[in-house]
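Participant: Dumping the structure here so I can ask a few things about it.
Computed from the coordinates by the stated procedures, all read-outs in this text should not be read as laboratory data. Fair warning: this is a prediction, and the values are worked out from it, not measured in the lab. Cβ atoms come from the backbone with ideal geometry, glycine included; neighbour counts cover every protein chain shown.
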Amino acid sequence: MKARRRNVREDWRIIITRSITRSNHSMEEPLPIDLIFEVLSRLPAKSIAISRCVSKLWASMILRPCFTELFLTRSWARPQVLLACQDHNDGLSFFSSPQLQNPDVSSSPVTANYHMTYPYDVSFEIPGLPVHGLVCVITKRVVKRRKETVHVICNPSTGESLTLPKVTTQRVGVRNLFGYDPIDKQFKVLCMTSAGCTGDGVLYREHQVLTLGTGNLLWRKIKCCIPHAPAPEQDICINGVLYYPARNSTAETMLACFDVRSEKFRLITRMQKPSGGLEL
């Protein structure tokens with residue numbers, strides 16, 4: 001392991017420095033940070049995750065928001081299809097395959113790349129679509145002979161996963177939605193809880209938010225003046241807004257909108273224009 005780490009450091013030293021000869025004197029001059037970012041942004045995500053172990057300086061550079069934005073911009077130019085496969089012996093495996101822009105023109109075979117496998121004890125489900133490359137997975141594991149529901153955020157590109165802390169509540173029904181704020185560059189989890197089991201007519205009256213990447217995973221209670229029941233597994237996050245169908249106390253169908261940045265709700269009924277709604 002030490003030999004491998006030393007080789008990695010030597011390889012990166014060649015990349016980030018250049019040799020300059022002046023008047024028979026040889027010296028090393030560090031490359032500009034913008035050029036380093038250009039080189040790193042062309043590497044696979046897993047290689048970038050490994051390079052964070054080179055040094056604290058490298059970790060601080062790679063974790064800068066400007067580099068994250070550059071890397072995501074380049075990644076969007078090369079769209080990938082994310083595949084999840086279930087294996088009862090190993091777990092939930094993630095693969096990706098290039099998304100062909102013009103399938104009729106390209107005749108070369110398309111191969112899938114393996115990323116990671118997340119193990120689970122009993123069962124799993126993926127409640128929503130991936131958000132900026134991250135996937136929310138709900139699994140059940142056995143702890144002291146009891147089944148326990150666990151929410152996990154997986155990053156298939158880097159092979160990393162994060163288990164979310166339990167929500168402190170006395171309620172029974174729990175529903176988590178996953179979203180991303182493109183302005184503040186933050187991932188957030190919206191948790192809604194109800195007094196009964198999920199289903200029609202059960203209203204979620206308690207709402208909490210968890211912000212990822214802050215170093216302190218704590219649930220914060222937020223207000224929603226009109227209780228509503230979200231439909232199962234039908235949420236999507238677009239431009240910083242979580243959209244999901246819901247029902248109110250009179251069983252009226254509506255579209256619920258949750259602004260990830262402001263943490264405000266808006267409910268739109270079929271009788272209202274898209275610009276209208278009830279701000280909660």
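Participant: Under a point spin-label approximation (7 Å from Cα along Cα-to-Cβ), what is the Arg141-Thr269 distance to one decimal in nm?
Facilitator: So the label points at Arg141 and Thr269 sit 4.5 nm apart.
Participant: At 0.36 nm per residue, minus the direct Cα-Cα distance, what do Thr253 and Asp121 gain on full extension? Give it in nm, one decimal, please.
Facilitator: 43.9 nm
Participant: While we're on this one: Which one, Pro245, Gly213, Leu177, is farthest towards the positive end of the dipole of region 165-280 when Lys and Arg carry +1 and Asp and Glu -1 on their Cβ?
Facilitator: Farthest towards the positive end: Gly213.
Participant: Sort Phe95, Phe187 by Cβ crowding within 10 Å, fewest neighbours at the top.
Facilitator: By the 10 Å Cβ count, ascending: Phe95, Phe187.
Participant: What per residue convex hull volume, in Å³, comes out for region 165-280 when only alpha-carbon positions are used?
Facilitator: For region 165-280, the hull spanned by Cα atoms encloses 97 Å³ per residue.
Participant: Still on this structure, I have one more. For Val39 paired with Leu82, estimate the spin-label separation in nm (one decimal), with each label point 7 Å from Cα along the Cα-to-Cβ line.
Facilitator: For Val39 paired with Leu82, the spin-label model returns 3.0 nm.
Participant: Full extension from Gln234 to Ala49: what is 0.36 nm times the residue separation minus their Cα-Cα distance, to one decimal in nm?
Facilitator: Contour length minus the Cα-Cα distance gives 63.5 nm.
Participant: What list of ³J(HN,Hα) values in whole Hz, one per residue of region 216-232 in order, does the Karplus curve 6.51 cos²θ - 1.76 cosθ + 1.60 (θ = phi - 60°) give from phi, with Gly and Pro shown as x?
Facilitator: Calculated HN-Hα couplings, in order: 10, 7, 10, 7, 10, 7, 10, 9, 9, 6, 10, x, 8, 10, x, 6, x Hz.
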